[in-house]
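The values are calculated or read from the model by the stated rules, or taken from the named source; none is laboratory data. Nothing here was measured: the structure is a model prediction, and the numbers come from that model. Please note: Cβ atoms are built from the backbone with ideal geometry, for glycine as well, and neighbour counts cover all protein chains shown.
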Amino acid sequence: MHAERPYRFLDTPLMLQACFQKMKSTLEYRQDLVRDSEQTTDVFKIFPRFLDVKGLVNQDFALLFGEETASRMLERWDTVFKPKIIMEARHLTETPDLSRLMAAAEKNGENENYWDSDMASLLLLLHLLPPTAGRRRVKISSSEAEKKLVHFLKSSSSLEEHLRDDKNSQPYIIAVGQTKSQINTFYVAVDKKPIPCQSTSSLGAFDELFKAHFVFNTSYDPSWCSSTTSFKPQSTTLMSNQLMSPLDFVSYGQDF
């Protein structure tokens, strides 16, 4: 089956509305399920609509933490987060990989083999993260950084084969298209299952990836984790007793 999967959508708006309402009413049970280490992998068997109805991850996150929190990163990306990431990245030691990411982030020229400006900025963020506690900082190449966050898949490729062969244990984005600069469809891969993104933009896909970690109670890739600082949002009780990664830190409007 080609990567652009022909999902079976519910037939009428009323059926779709009923699906969202049913998922809303079962949120508490689903959260108990994903917090149980012996049952967490059953969530897609019990709730298969995650795999063919777009927007359910966004709904669960908004129900858990509120609409204001759910929309915060997207609302502040262009004016706060993205400019700050690019500004900080200018202080990194220049390499060919970083130069290409900077050019894409700043929209200096077009190349079909480069990601769009938002995705390039998110990949720059991975280069800015501090080392994990007790570890020396290890420089990573652009291709290594990409694999922590996003995999590009040509439209003619098999999504199922990609997921079967992939070794990633933490969620990541699958971007499907003819080239990196022309992506048609995004998925969030969780436990080798492709969750179709509601958004058609790379930034929206990242937002859904971020939310999926909380909705499905999954851990971050170790390279995303901060060193010794416990980052907690200032105006929400989101995961208030849990260490937050720098991705949370950026997403909740604090300086980094």
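Output the helices (runs of 4 or more DSSP H) that fall wholly within segment 22-121 and possess 2 or more residues being more than 22 Å from the chain's Cα centre (by Cα), hydrophobic (A, V, I, L, M, F, W, C) and within 26 Å of SER219 (Cβ to Cβ), or say none. Spell out the reasoning first.
Values: elements: 27-35, 43-46, 56-65, 67-76, 82-89, 96-105.
Here the list is empty.
Tell me, please, whether a residue that is aliphatic (A, V, I, L, M) and under 24 Å from LEU125 (Cβ atoms) can be found in segment 29-39. Lay out the reasoning, then the answer.
Initially, segment 29-39 is screened for residues aliphatic (A, V, I, L, M), giving 33-34.
Then drop every residue that is not under 24 Å from LEU125 (Cβ atoms), which leaves none.
Within segment 29-39 (the criterion being aliphatic (A, V, I, L, M) and under 24 Å from LEU125 (Cβ atoms)), the answer is no, since none of the residues qualifies.
Residues that are modelled with pLDDT of 90 or more and closer than 16 Å to ASP207 by Cα: does segment 92-111 have at least one?
no
Do you know which of the residues in segment 26-43 that are in contact with an Asp or Glu (Cβ under 7 Å, 6 or more places away or on another chain) and within 15 Å of ASP191 (Cβ to Cβ) is surrounded by the most Cβ atoms within 10 Å (Cβ to Cβ)?
The residue in question is LEU33.
Given the criteria on the phi < 0 side of the Ramachandran plot, surrounded by 18 or more Cβ atoms within 10 Å (Cβ to Cβ) and free of Cβ contacts under 8 Å to residues at least 60 places away in the same chain, does LEU92 qualify?
When the stated conditions are applied, LEU92 does not pass them.
Contact list please: Cβ distance under 6 Å, first residue in segment 22-50 and over 16 Å from LYS192 (Cα atoms), second residue loosely packed, with under 14 Cβ neighbours inside 10 Å and not acidic (Asp, Glu), pairs at least six apart or on different chains.
LEU33/GLN39
State whether one or more residues within segment 7-25 are modelled with pLDDT of 95 or more and surrounded by 14 or more Cβ atoms within 10 Å (Cβ to Cβ).
Taking every residue of segment 7-25 in turn, at least one turns out to be modelled with pLDDT of 95 or more and surrounded by 14 or more Cβ atoms within 10 Å (Cβ to Cβ).
Can you give me the ranges of the helices (runs of 4 or more DSSP H) entirely in segment 154-256 with at least 1 residues that are modelled with pLDDT of 90 or more?
Those helices (runs of 4 or more DSSP H) span 159-165, 202-215.
Can you name every residue in segment 63-89 that is under 25 Å from GLU28 (Cβ atoms), buried (at least 17 other Cβ atoms within 10 Å of the Cβ) and of a type in the set (A, V, I, L, M)?
Of everything in segment 63-89, just one residue is under 25 Å from GLU28 (Cβ atoms), buried (at least 17 other Cβ atoms within 10 Å of the Cβ) and of a type in the set (A, V, I, L, M), namely ALA70.
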